[in-house]
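First up is the structure itself, then whatever we jot down about it.
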Amino acid sequence: MAKVTKIQIKAFVKRKLSTDPAWARQALLRIYDFQTQEEQNIKDTKDHNGVGFTGTDGRILSSLAMQLQQKNYLSDKQMAIVFKKIPKYWIQVVKISNKEKLNSLIQ
C-alpha cells in the first residue's frame, strides 16, 4: 500500500469539509470543543492557543456549533457558511482524526 502524502490528506480533508455535511458538522462540533470555556461562554475567540476557531470565525462558528448541539439542525444557508469556513481548519481535523482510518479512506 502506497504511503499517503500530506498533500493528498490536505486535499481529501478539505474537500470532505467543504462538501460532506456529516464531516462539516462533526468538525464544527469537535473544533468548538477546543475553544476554552470562556470563549464558549462569550461565543468568540479570545485566546490565541493554536486550537479552536480563528478570531474572524469565532463568533459565527461558535453560534452555529451551539445551535447544532442544542437543536441538531443547521439550515441550508448556515451549512453554506460552515462549508465555506470549516475547510481552513483541516490541520486540526487531521490532528484529532484516527490516522489509520483517514489514510484508508484516502487510498
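So Lys85 ticks every box in (1) touching an Asp or Glu at 6+ places or on another chain (Cβ under 8 Å); (2) modelled with pLDDT under 95 but one. Which box is left unticked?
For Lys85, the exception is condition (2).
Restricting attention to the stretch 55-107, report how many residues are part of a loop (DSSP other than H, G, I, E, B) and of a type in the set (Val, Ile, Thr). Please lay out each step first, then the result.
As a first pass, look at the stretch 55-107 and keep what is part of a loop (DSSP other than H, G, I, E, B): 55-57, 72-75, 97-98, 107.
Retained after the next criterion (residues that are of a type in the set (Val, Ile, Thr)): 56.
Residues flagged as part of a loop (DSSP other than H, G, I, E, B) and of a type in the set (Val, Ile, Thr) within the stretch 55-107 amount to 1.
For Gln37, all conditions in the list (1) under 15 Å from Lys95 (Cα atoms); (2) exposed (fewer than 15 other Cβ atoms within 10 Å of the Cβ); (3) at pLDDT below 95 hold save one; what is the number of the exception?
Just one mismatch for Gln37, condition (1).
Hey, can you tell me all the residues within the stretch 1-21 that are more than 19 Å from Phe53 (Cα to Cα) and either loosely packed, with under 13 Cβ neighbours inside 10 Å or β-branched (Val, Ile, Thr) (or both)?
Selection gives Met1, Ala2, Lys3, Val4, Thr5, Lys6, Ile7, Ile9, Thr19.
Could you please tell me which pairs satisfy a Cβ distance under 6 Å, a separation of 6+ or placement on different chains, a first residue in the stretch 75-97 that is closer than 18 Å to Gln8 by Cβ and touching a residue at least 12 places away in the same chain (Cβ under 8 Å), and a second residue that is in a helix (DSSP H, G or I) and hydroxyl-bearing (Ser, Thr, Tyr)?
Filtered contacts from the stretch 75-97: Pro87/Ser18.
The values are calculated or read from the model by the stated rules, or taken from the named source; none is laboratory data. Being a predicted model, the structure only gives us computed values, none of them experimental. Neighbour counts are summed over all protein chains in view; Cβ atoms, including those assigned to glycine, are modelled from backbone coordinates with ideal geometry.
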